[in-house]
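Asker: If you scroll down you'll find the structure; I have some questions about it.
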Amino acid sequence: SQQGEEDPQALSIQEGENATMNCSYKTSINNLQWYRQNSGRGLVHLILIRSNEREKHSGRLRVTLDTSKKSSSLLITASRAADTASYFCATDAGAAGNKLTFGGGTRVLVKP
Amino acid sequence: KAGVTQTPRYLIKTRGQQVTLSCSPISGHRSVSWYQQTPGQGLQFLFEYFSETQRNKGNFPGRFSGRQFSNSRSEMNVSTLELGDSALYLCASSQTLGGIAEAFFGQGTRLTVV
């Protein structure tokens, strides 16, 4: 079963615009990770935010985490055509071991 | 450092056959997890190995099994293949066990069962 729900399911923007996607989850987490996937290939790790962090930046990426609302958001600023991909959030509930539960993903299309 | 390597990249098998997929984690990483990705079910956790021991198991039938070797390389095996096993199988490696380490994924093995 999927813990996370991502919103929107699909997003179409022009190059240069910002893209924001949201992820909600159901249970307490240890950390939340965001991944990018191009055309059914492997997952590229973007950023990890721990449960005691509220915001994290990496280049053009900004991630927020609100544990009281059990939600996270990923903002991509000044988008490029190369950002066209599916984006997934994955939560780690902190049980023994590394087990990620993924959301359904947001498909982002950046038009040149 | 080399990334996570999965072999083969593509496989076509017939119903009823068995298949073995291989994953070499990032050097120094001892945790290897396997995931199945399908259009209908999304990304689902199969199992995880750490130091040659299975630590977690997802909700998959016993036809799905795995193992990890002393060099941390891992294999997963699917026996008596069904059409529904067609999927992208992804392997992830992590440096530590338990919730604080990033998981890095390989390019996946795309399995088609005909």
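Asker: I need the phi-derived Karplus couplings for the stretch A:84-89: 6.51 cos²θ - 1.76 cosθ + 1.60, θ = phi - 60°, integer Hz, Gly and Pro marked x.
Answerer: 4, 4, 9, 10, 10, 9
Asker: Continuing with the same structure: Where does each of B:86-92, A:20-26 land if you order them by average Cβ count within 10 Å, highest first?
Answerer: Descending mean neighbour count gives B:86-92, A:20-26.
Asker: Would you mind giving the mean number of other chain beta-carbons within 10 Å of the Cβ of each residue in A:37-45, as a whole number?
Answerer: Values: counts 6, 0, 0, 5, 8, 12, 12, 3, 5.
Counting Cβ atoms of other protein chains within 10 Å of each residue's Cβ and averaging gives 6.
Asker: With +1 on each Lys and Arg Cβ and -1 on each Asp and Glu Cβ, and nothing else charged, work out how big the dipole of the protein assembly as shown is about its Cα centre, in Debye to the nearest 20.
Answerer: Around 320 debye, computed over the protein assembly as shown.
Asker: Ok, one more. How big is the charge dipole of chain A about its Cα centre, in debye rounded to the nearest 20, if each Lys and Arg gets +1 on its Cβ and each Asp and Glu gets -1 on its Cβ?
Answerer: Approximately 160 debye in magnitude.
Asker: How many angstrom lie between the C-alpha centres of the stretch B:62-112 and the stretch A:66-112?
Answerer: What the calculation gives is 21 Å, centre to centre.
Asker: Determine the dipole magnitude for chain B: charges of +1 sit on the beta-carbon of Lys and Arg, -1 on that of Asp and Glu, nothing else is charged, the reference point is the Cα centre, and the result goes in debye to the nearest 20.
Answerer: Working: 11 positive and 6 negative charges, 31 e Å.
With Lys and Arg at +1 and Asp and Glu at -1, about 160 debye.
Asker: So for the protein assembly as shown, if I pair up every lysine 8 or more residues apart or on another chain, how many of those pairs have alpha-carbons under 19 Å apart?
Answerer: Taking the Cα cut-off of 19 Å, the pair count is 7.
Asker: Right, something else. Quick one: which of B:55-68, A:37-50 comes out on top by average Cβ neighbours within 10 Å, and what's the full order, highest first?
Answerer: Result, highest mean Cβ count within 10 Å first: A:37-50, B:55-68.
Asker: If you don't mind, another one. Spelling out what I want: for every residue of the stretch A:42-49, take phi, set θ = phi - 60°, compute 6.51 cos²θ - 1.76 cosθ + 1.60 (Karplus), and round to whole Hz; glycine and proline get x.
Answerer: Per residue, the Karplus-derived 3J(HN,Hα) values read x, 8, 9, 6, 9, 6, 10, 10 Hz.
Asker: Now, a different point. Summarise the partner chain shielding of B:33-42 as one whole number: the mean count of Cβ atoms from other chains within 10 Å of each residue's Cβ.
Answerer: 3
Asker: Distance between the C-alpha centers of the stretch A:17-43 and the stretch B:22-39? Whole Å please.
Answerer: 18
Asker: Could you quote the convex hull projected area for the stretch A:1-84, Cα atoms only and averaged over all directions, in nm²?
Answerer: 5.8
Asker: Further question: Relative contact order of the stretch A:33-112: what whole-number percent is it, with Cα pairs under 8 angstrom and at least 6 residues apart?
Answerer: Relative contact order comes out at 27 percent.
Asker: What's the average, rounded to a whole number, of partner chain beta-carbon atoms within 10 Å of each residue's beta-carbon in A:16-25? Please list the in-between numbers first.
Answerer: Numbers: counts 0, 0, 0, 0, 0, 0, 0, 0, 0, 0.
The mean count of partner-chain Cβ atoms within 10 Å per residue comes to 0.
Any read-out appearing in this document is the output of simple, stated calculations on the displayed coordinates, not a laboratory observation. Just so it is clear, the model here is predicted, and its values are computed rather than measured. In this analysis, Cβ positions are derived from the backbone assuming ideal geometry, glycine residues included, and neighbour counts consider all displayed protein chains.
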